[in-house]
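This report concerns only the one structure given below.
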Amino acid sequence: MEVKFPDIPLYQGWGAPLRVESDLRDLELIHGQVPGDLNGTLYRCGPDRQYPPMSGDDIFIDGEGMAHMFRFTAGHVDYRSRWVRSERFLLQEQARRSLFGRYRNRYTNDPSVAGRNQGTANTNAVWHGRKLLILKEDSLPVEVHPDTLATIGPWNYQGAVKAVSLSAHPKIDLHRNELLTYSYQATGDGTTDIVFYVIAADGRVAHELWFAMPYPGMVHDFAVTDTHVIVPFWPLITDMAVVRNGGPYYQWHPDWECHFAIFPRRGKAADIRWFRGPAASAGHMMNAFNEGSFLHLDVCLYQGNCFEFFPSYDGSPYRPCPPQLARLSFDLDQQGTDYNTTIKIASPCEMPRIDERYIGKPYRYGYVLCRPPDAAAAGTTGLSAIGCIDHETSALTTWSPGPDSGVQEPIFVPRHIGAAEGDGYLLVLVNRMTEFRSDLAILDARRVSAGPVALFKLSIRVRSTFHGMWVPADALQSGIYNV
């Protein structure tokens with residue numbers, strides 16, 4: 001069968017599938033100097049199509065997983081990328097074509113892969129329990145080697161995880177060396193089962209809590225505080241009758257409410273408090289924390305449907321709604337189910353990150369992709385700048401990489417163990433659109449607008465990565481994070 005990708009915008013220009021595994025030793029330093037205290041590895045993951053899709057269309061969150069790593073050692077930086085050889089990847093490699101159809105819709109797959117694992121392992125990379133796990137919420141994690149990125153295989157915590165999948169957005173409590181995660185539609189497509197897990201530093205499942213969702217929806221991300229867990233349910237809902245008929249896995253229901261389940265980190269189902277509000281959606285949480293009887297959740301909130309490619313159930317047209325950083329405040333002392341919403345930053349922003357030593361704690365700084373300050377004059381609507389949000393002053397400072405360039409999710413690295421909040425660096429992949437290659441920028445997290453303290457040139461294009469993390473060299477050896 002001829003390998004030919006469809007002539008659609010998704011596969012044109014920067015978005016053209018790369019389909020290449022790379023090794024680059026000693027990236028070229030083209031500006032500045034590498035901070036001597038950067039020793040460790042930046043891991044990233046994103047989708048790249050192995051073969052043209054079975055149908056003529058596609059969505060950008062689909063595609064086989066490609067794992068990436070940038071290893072910093074004594075001022076040198078090496079880069080490596082490898083396919084995550086999931087079951088789906090291996091089946092298609094043997095067939096030399098795509099075998100899986102519409103996103104997450106097993107009823108559109110080739111009959112030869114009925115009942116096989118269709119997970120793409122394309123969303124996040126996390127180091128915990130001495131394992132590097134590549135995550136996608138449609139399946140269980142896939143373990144890869146932390147040095148070579150060679151695929152080891154699926155991981156279910158030695159059978160202790162009974163869910164069919166795990167979230168791509170776990171939270172690591174660096175102070176307790178615990179990983180907190182969950183699975184939604186945890187017993188199969190379209191179910192309302194959800195389970196929350198606490199994984200100890202040694203990889204042992206230390207706690208689990210099962211409960212029912214209000215509807216079989218998408219739960220892409222969640223948040224934790226020092227004491228509680230906040231699980232949001234947005235009305236992007238799976239209708240199995242639609243799925244079985246070959247339709248989209250999720251549909252937007254603007255006439256349904258949002259629901260929030262809040263419970264203690266070691267809680268039981270009877271401890272859950274439910275809050276409700278008007279329809280909205282979100283992909284990513286920035287952080288959450290306690291303040292007296294309140295739990296505050298900072299989230300990139302869409303006042304409508306955040307995914308254009310998941311249509312409304314009634315066929316109504318998609319209405320764009322830019323994401324804004326909002327604070328949702330839940331009072332655990334009140335008797336009702338209402339919560340308050342405050343817009344923190346009006347400028348559109350996404351892919352939020354923080355100094356992750358402050359996950360679940362009161363914090364000051366957040367880092368996002370945002371519009372550059374001259375966006376209106378330039379006619380630019382894309383989130384092509386890195387922003388630093390100061391929650392204390394409400395100031396937003398930005399850095400733009402220049403014309404015809406874009407940025408990927410920023411990752412914070414503390415300057416040293418015990419450094420103050422925000423004292424460190426942001427590692428940012430830069431898309432050089434017209435040059436068809438990438439840069440790796442190192443920014444001073446407290447002086448983002450000053451531009452890179454160091455800039456590396458890649459001779460290749462790191463097409464797309466969603467999420468990842470920084471792992472210090474000592475944590476890679478010991479499996480323990482020291483903060």
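The values are calculated or read from the model by the stated rules, or taken from the named source; none is laboratory data. As the structure is a prediction and not an experimental result, all values here were calculated from the model. All Cβ positions, even for glycine, are placed from backbone atoms using ideal geometry, and neighbour counts span all protein chains on display.
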Point to revise | Among the candidates G315, G304, residue that is more than 27 Å from G360 (Cβ to Cβ), outside any strand (DSSP E or B) and in contact with a Cys (Cβ under 7 Å, 6 or more places away or on another chain) | key: G304
Study note, to complete from the structure: Of all strands (runs of 3 or more DSSP E) fully inside segment 350-444, the set with 2 or more residues that are among the small types (G, A, S) is 385-390, 405-407, 437-444
Exercise for review: For segment 419-434, indicate whether the set of residues that are within 27 Å of D23 (Cα to Cα), modelled with pLDDT of 95 or more, in contact with a Phe, Trp or Tyr (Cβ under 7 Å, 6 or more places away or on another chain) and of a type in the set (S, T, N, Q) is non-empty.
Suggested key: yes
Point to revise | Boolean, N245 is more than 21 Å from T337 (Cβ to Cβ), crowded, with 23+ Cβ neighbours inside 10 Å and at pLDDT 95 or above | key: no
Review point. Looking at (1) buried (at least 20 other Cβ atoms within 10 Å of the Cβ); (2) part of a strand (DSSP E or B), which is the one condition that is false for T342?
Key: (1)
Point to revise | Set A168, A121: member being on the phi > 0 side of the Ramachandran plot and at pLDDT 95 or above | key: A121
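This table checks each residue for (1) β-branched (V, I, T); (2) touching a strand residue (DSSP E or B) at 6+ places or on another chain (Cβ under 6 Å).
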{"residue": "T397", "(1), (2)": "yes, yes"}
{"residue": "V407", "(1), (2)": "yes, yes"}
{"residue": "E421", "(1), (2)": "no, no"}
{"residue": "N431", "(1), (2)": "no, yes"}
{"residue": "F436", "(1), (2)": "no, no"}
{"residue": "D439", "(1), (2)": "no, yes"}
{"residue": "F466", "(1), (2)": "no, yes"}
Review point. Which of the residues spanning segment 99-144 are among the aromatic types (F, W, Y) and free of Cβ contacts under 8 Å to residues at least 60 places away in the same chain?
Key: F100
Exercise for review: Scan segment 64-83 and give yes if some residue there is in a loop (DSSP other than H, G, I, E, B) and modelled with pLDDT of 95 or more, otherwise no.
Suggested key: no
Practice item. Please go through segment 107-126 and pick out each residue that is in contact with a helix residue (DSSP H, G or I) (Cβ under 7 Å, 6 or more places away or on another chain) and not hydroxyl-bearing (S, T, Y). Key: V113, R116, N117, Q118, G119
Check your understanding: Among D390, D444, D404, which is over 28 Å from Y358 (Cα atoms) and either free of Cβ contacts under 8 Å to residues at least 40 places away in the same chain or among the acidic types (D, E) (or both)?
Key -> D404
Review point. Only one residue in P317, P372, P323 is surrounded by 18 or more Cβ atoms within 10 Å (Cβ to Cβ) and under 30 Å from M240 (Cβ atoms), so which one is that?
Key: P323
Point to revise | Subset of segment 134-170 that is assigned to a strand (DSSP E or B) and surrounded by 23 or more Cβ atoms within 10 Å (Cβ to Cβ) - its residue that is farthest from the chain's Cα centre (by Cα) | key: V144
Revision key, fill the gap. For segment 31-57, the count of residues that are surrounded by 22 or more Cβ atoms within 10 Å (Cβ to Cβ) and either on the phi > 0 side of the Ramachandran plot or of a type in the set (G, A, S) (or both) equals 1
Study note, to complete from the structure: Those residues of segment 349-381 which are in contact with a strand residue (DSSP E or B) (Cβ under 7 Å, 6 or more places away or on another chain) and at pLDDT below 95 amount to R371, P372, P373
**Study point:** Verdict on G13 being at pLDDT below 95 and either more than 22 Å from the chain's Cα centre (by Cα) or surrounded by fewer than 17 Cβ atoms within 10 Å (Cβ to Cβ) (or both)
**Key:** yes
Exercise for review: Go through the residues of segment 285-299 one by one and say whether even a single one is acidic (D, E), out of contact with any Cys (no Cβ under 7 Å at 6 or more places or on another chain), buried (at least 22 other Cβ atoms within 10 Å of the Cβ) and within 24 Å of H467 (Cα to Cα).
Suggested key: yes
Exercise for review: For residues that are closer than 17 Å to Y249 by Cβ, touching a Lys or Arg at 6+ places or on another chain (Cβ under 9 Å) and among the acidic types (D, E), tally how many sit in segment 109-148.
Suggested key: 1
Review point. Are any of the residues in segment 448-466 assigned to a strand (DSSP E or B), of a type in the set (D, E, K, R) and closer than 19 Å to G32 by Cβ?
Key: yes
Review point. Does any residue of segment 1-10 turn out to be surrounded by 15 or more Cβ atoms within 10 Å (Cβ to Cβ), assigned to a strand (DSSP E or B) and within 24 Å of the chain's Cα centre (by Cα)?
Key: no
**Study point:** Qualifying residue in segment 206-213 (condition: part of a strand (DSSP E or B), touching a strand residue (DSSP E or B) at 6+ places or on another chain (Cβ under 9 Å) and acidic (D, E))
**Key:** yes
Exercise for review: Quickly run through segment 21-63 and pick out the residues that are under 23 Å from A473 (Cα atoms), among the acidic types (D, E) and either over 26 Å from the mean Cα position of the chain (by Cα) or modelled with pLDDT under 95 (or both).
Suggested key: D26, E28, D37
**Study point:** Which listed residue, of V224, V219, V195, V231, is crowded, with 17+ Cβ neighbours inside 10 Å and touching an Asp or Glu at 6+ places or on another chain (Cβ under 7 Å)
**Key:** V195
